[in-house]
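Read through the structure below, which is laid out as structure tokens, and then see the notes.
The values are calculated or read from the model by the stated rules, or taken from the named source; none is laboratory data. It should be emphasised that the depicted structure is a prediction, and the values quoted were computed from it without experimental measurement. Note: ideal-geometry Cβ built from the backbone for every residue, glycine included; neighbour counts use all protein chains shown.
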Amino acid sequence: MSEQVTDLLVKRGALRERRFTSPPMPELGEGQALLRVDCFALTANTVTYAAFGEAMRYWEFFQPAEHERAAWGRPPCWGFGDVVASRAEGVSEGARYYGYFPIGTHLVVNGAARGAGFVDAAAHRAALPKFYNAYTAAPASAPDEEAMAMLLRPLFATAFLLDDYLADADYFGASRVVLSSASSKTALGLAWLLKARGDVEVIGLTSPANIPFLERAGAYDRIIPYVEAAALAGDVTTTYVDFSGSAALRVRLHSLLGAALRHDCVVGAADWSAVGETPADLPGVRPTFFFAPAIAEQRAAQWGSGVLETKLAAASAGFFAAARPWIKITRGEGRDAVDKAWIDAVDGRTTPDAGVILRL
């Protein structure tokens, strides 16, 4: 195989430091398959994987050469890959799969066929969340349909599980839910679901530049710029869902709301540079980290995996249709395009309506 392998490596804990490497084309062992990563989405969620790479073990999925692992990581993303060589039963050359890939050109998997797809049964992934190890056979689809799946399917799955988690807890006794980084795609999915329920007021916190976009999207009852967060002060019972990761914003909201803050749910780190330690003297409730794969496994055990998948598919179809008018799909190919998209996402320069699809 003459094609060159290319990987993006990012410095752990210093996400602006990145470089491309060209390791040798891997040789396959028995039970393994090689996929060519055809295309992938780069979103704020991709940066969150890198920002929480240590704490949530995201760096362990796709490991660089052993001598580089202590300092460098391969950021995960969601995309489509084609099998270019296989020694794995049930994973055929030419087949196309949707799933979790590194930002790079190739991925070797230990493919264990399951249903309409396979699971990567590699030893280093065995103790990691099953949600990320499953690859689904991809029927022939229009490029824009695949783009929407890459951009929204994993993010909306998190939003769906968050919505279920909050509703099941009766919003922790709150009459409103406040979401930071309100223009992120996961936050928009959650806002859309909460607004459809109509049980609580749904408020989005955002940068002033994003307000026109959020008004067009129509997912929130109210939109407040960060500089006017003091408008939330008072005794209105509130659940906070944090997609920004900002430690300073967390302290500010806890101080403003006091006992009215009933739950603080940490989801993402769209503003990864503002992530910090939670102060020991933080007023009110302690933040709780929300880990979607763990909730998904709980619901699959309670409902059955088929019921969970059916409910998620029905909700996804509705949100994808609602989101299509406000997502502008853009495409790029090659190292320069990927490098620019990465640093734009890390520095928060990607516009909220952008749907960035890439190929190395």
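What the table below lists for this structure:
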| read-out | value |
| --- | --- |
| Filtered residue count, the range 298-346, keeping only those that are in a helix (DSSP H, G or I), farther than 20 Å from residue 44 by Cα and not aliphatic (A, V, I, L, M) | 10 |
| Selected residue (criterion: modelled with the lowest pLDDT) from residues of the range 54-70 that are surrounded by 14 or more Cβ atoms within 10 Å (Cβ to Cβ) and not in a helix (DSSP H, G or I) | 56 |
| Residues (over 23 Å from the mean Cα position of the chain (by Cα) and without any contact (Cβ under 8 Å) to a residue 60 or more places away in the chain) located in the range 1-39 | 2, 21, 22, 23, 24, 27, 29, 30 |
| In the range 29-53, the residues that are touching a Leu at 6+ places or on another chain (Cβ under 8 Å), modelled with pLDDT of 95 or more and part of a loop (DSSP other than H, G, I, E, B) | 42 |
| Whichever residue in the range 295-309 is surrounded by 12 or more Cβ atoms within 10 Å (Cβ to Cβ) and more than 12 Å from residue 160 (Cα to Cα) and, among such residues, is nearest to the chain's Cα centre (by Cα) | 297 |
| Meets criteria (at negative phi and touching a helix residue (DSSP H, G or I) at 6+ places or on another chain (Cβ under 8 Å)) for residue 292 | yes |
